[in-house]
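The structure under discussion appears below in the form of structure tokens.
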Amino acid sequence: MKTIFLVAGARPNFMKIAPIVRALRAHGGLAFQIIHTGQHYDRDMNEVFFEELGIPAPDVFMAAGGGSHAQQTAKIMVAFEELCQAQRPDAVLVVGDVNSTLACSIVAKKLHIPVAHVEAGLRSGDRSMPEEINRLVTDSISDWFFVTEPSGVEHLKREGHPESSIHYVGHVMVDNVLYQAEKLAAAQGAGTAPVTATGKPAVPVPDGEAQAFDVSAWKAAHTAAGARYGVVTLHRPSNVDDPALMARIGGALAEIAAELPLIFPVHPRTRANLAAFGVDLGPGVTLVPPQPYMAFLELWKDAAMVLTDSGGLQEETTALGVPCITIRENTERPITVEEGTNVLAGTDPAVIVAEARKVLRGEAKLGRRPALWDGLAAQRIVAVLAAEL
């Protein structure tokens, strides 16, 4: 039986791998191993995390760790080359645009192992973003391109890739959020609360435990008598590493929070910079630790709006019909703006606040779920791989 290595480097990658694992299991004609490069450590990646996703813990944990982009990429390449030489998979599947995506695709290609790229063809046009470089290089050497939206198809064709290798399949991130939302609804119907604390680690962890925060209690307290709330996430270096820009965005959030309570699961880098830059978001913004997937989904799926610079949340909010205000000057996911619930506000505080007030006035952009964002993308991917292999 042919074997595929499924590569993931950080928690969001596993959200994209999970539907493919479930589809491979259902298909039964291909073997697979889940390879965690260890690019990012996440305390919430425990046994419960993988149980929620409906997948086993990784078969291999490479513990690459941090460092500069060059250091991290090099460590992943060395470890992955040793693994591929020892086990020689028939294909390597990478997802998204992290350093692990780039590193493992290069290693596989030089070992003459075919590469499949899931979420291929996305382009922001901003080459100052490390993710954009990773996308461009990975796509330049991949054999099969699994595309989430029409813009990806056009980019790949313009870059000279044969149409026979480009497969518009929909989005595994949407597969996952629909799967998880259904599980969450079933759990709530049975009176089971989402997990808010870590369990036994499935990968090696440093000392200390992740903090738990009862988002259910916060949500209940802030939705009493029909009240509303918003959710914030910010982690892009271009936003959170610039003191002046962080202060302007923080001012916009504080102004919005005077009219709508906001809850902000804070990325460690962002939390450190808020303190270092002396940015005060005011009493209307509740800062909490990063949340387990199901607890976070429970929080944002019923929010009046999500304010974010995350690529994945732009898509997930469109999938579930939640208004999204993206605090970036560009997006590699234009279909969320063209057809979905996403508004690209940029980083001008006046525009961010104005877009938020539109939502509060009941003027939220009406969007729809794009074609093929139907929860079946992973099955389409597995069907192509089975035919090709």
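For this structure, a couple of remarks:
- Residue satisfying condition, being surrounded by fewer than 16 Cβ atoms within 10 Å (Cβ to Cβ) and farther than 24 Å from residue 330 by Cα, within set 295, 224: 224
- Looking at 108, 120, 64, just one residue is modelled with pLDDT under 90 and either buried (at least 21 other Cβ atoms within 10 Å of the Cβ) or outside the structural domain of residue 166 (by TED's automatic domain parsing) (or both), and that residue is 64.
- Filtered by the rule that a residue be in a loop (DSSP other than H, G, I, E, B) and either surrounded by 13 or more Cβ atoms within 10 Å (Cβ to Cβ) or of a type in the set (Gly, Ala, Ser) (or both), the range 67-92 gives 67, 68, 89, 90.
- Cβ pairs under 8 Å, 6+ apart, first in the range 128-144 and charged (D, E, K, R), second at pLDDT below 95 and surrounded by fewer than 18 Cβ atoms within 10 Å (Cβ to Cβ): 132/125; 132/126
- Qualifying residues in the range 303-330 (those that are among the acidic types (Asp, Glu) and in contact with a helix residue (DSSP H, G or I) (Cβ under 7 Å, 6 or more places away or on another chain)) - the one surrounded by the fewest Cβ atoms within 10 Å (Cβ to Cβ): 309
- Only one of the numbered conditions (1) closer than 16 Å to residue 253 by Cβ; (2) at pLDDT 95 or above; (3) not in a loop (DSSP other than H, G, I, E, B) is violated by residue 303, and that is (3).
- Residue check, residue 270 of a type outside the set (A, V, I, L, M, F, W, C), under 19 Å from residue 237 (Cβ atoms), surrounded by 19 or more Cβ atoms within 10 Å (Cβ to Cβ) and free of Cβ contacts under 8 Å to residues at least 60 places away in the same chain: yes
- Of the residues making up the range 93-114, those that are under 20 Å from residue 386 (Cα atoms) and part of a helix (DSSP H, G or I) are 105, 108, 109.
The values are calculated or read from the model by the stated rules, or taken from the named source; none is laboratory data. Computed from a predicted model, the values in this text were never measured in an experiment. Cβ coordinates were reconstructed from backbone atoms using ideal geometry, including for glycine residues, and neighbour counts include every protein chain displayed.
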